[in-house]
Amino acid sequence: QVQLVESGGGLVQPGGSLRLSCAASGIVFSIYAMGWYRQAPGKQRELVARITSDGSTNYADSVKGRFTISRDNAKNMVYLQMNSLQFEDTAVYSCKADRSSVLGYRDYWGQGTQVTVSS
């Protein structure tokens, strides 16, 4: 059974920091690209950050310089370090694993964790 379980969300003041974690099981973690997405009320889900199996990263323009994605293949974990948080960062943050090869395309989603930035 494939499982992606996020943790680390919560309430934080503007300017504060949080680190989100995503624990994956049931997949060969090292061959999957991992991403963090977020969805705020009334908005579409958007890509926040993504890291490929070889460690390449990309970020949404809105979070560049503030957020850092990383992975630990030995632990089947992916992280999102979020600094200088703003009201606009409030959303449900979800972890995604995906792969695309000659075997086809497949992705898996976690249930999400709430991040609320409030004074």
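The values are calculated or read from the model by the stated rules, or taken from the named source; none is laboratory data. Source: prediction; values computed, not measured. Note that each Cβ is placed from the backbone with ideal geometry, even for glycine, and that neighbours are counted across all protein chains shown. In case anyone asks, the SASA skips ligands and DNA or RNA and just uses the protein heavy atoms, side chains included. Shrake-Rupley method; radii C 1.70, N 1.55, O 1.52, S 1.80 Å.
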Could you please find all residues in the stretch 33-48 being of a type in the set (D, E, K, R) and either within 15 Å of the chain's Cα centre (by Cα) or part of a strand (DSSP E or B) (or both)?
Arg38, Arg45, Glu46
Of everything in the stretch 82-99, what is open to solvent by 60 Å² or more (accessible area, probe 1.4 Å) and free of Cβ contacts under 8 Å to residues at least 60 places away in the same chain? Give them in sequence order.
Glu88
Lone qualifier among Val115, Val48, Val102 - being open to solvent by 50 Å² or more (accessible area, probe 1.4 Å) and either closer than 14 Å to Leu4 by Cβ or of a type in the set (A, V, I, L, M, F, W, C) (or both)
Val102
Answer from Ser100, Ser30, Ser70, Ser21 - the residue that is outside any strand (DSSP E or B) and hydroxyl-bearing (Ser, Thr, Tyr)
Ser30
How many residues are β-branched (Val, Ile, Thr), open to solvent by 40 Å² or more (accessible area, probe 1.4 Å) and either over 14 Å from Met34 (Cα atoms) or within 9 Å of the chain's Cα centre (by Cα) (or both) when one looks only at the stretch 63-81?
0
Tally time: how many residues in the stretch 49-62 are free of Cβ contacts under 8 Å to residues at least 24 places away in the same chain and either at positive phi or under 10 Å from the mean Cα position of the chain (by Cα) (or both)?
2
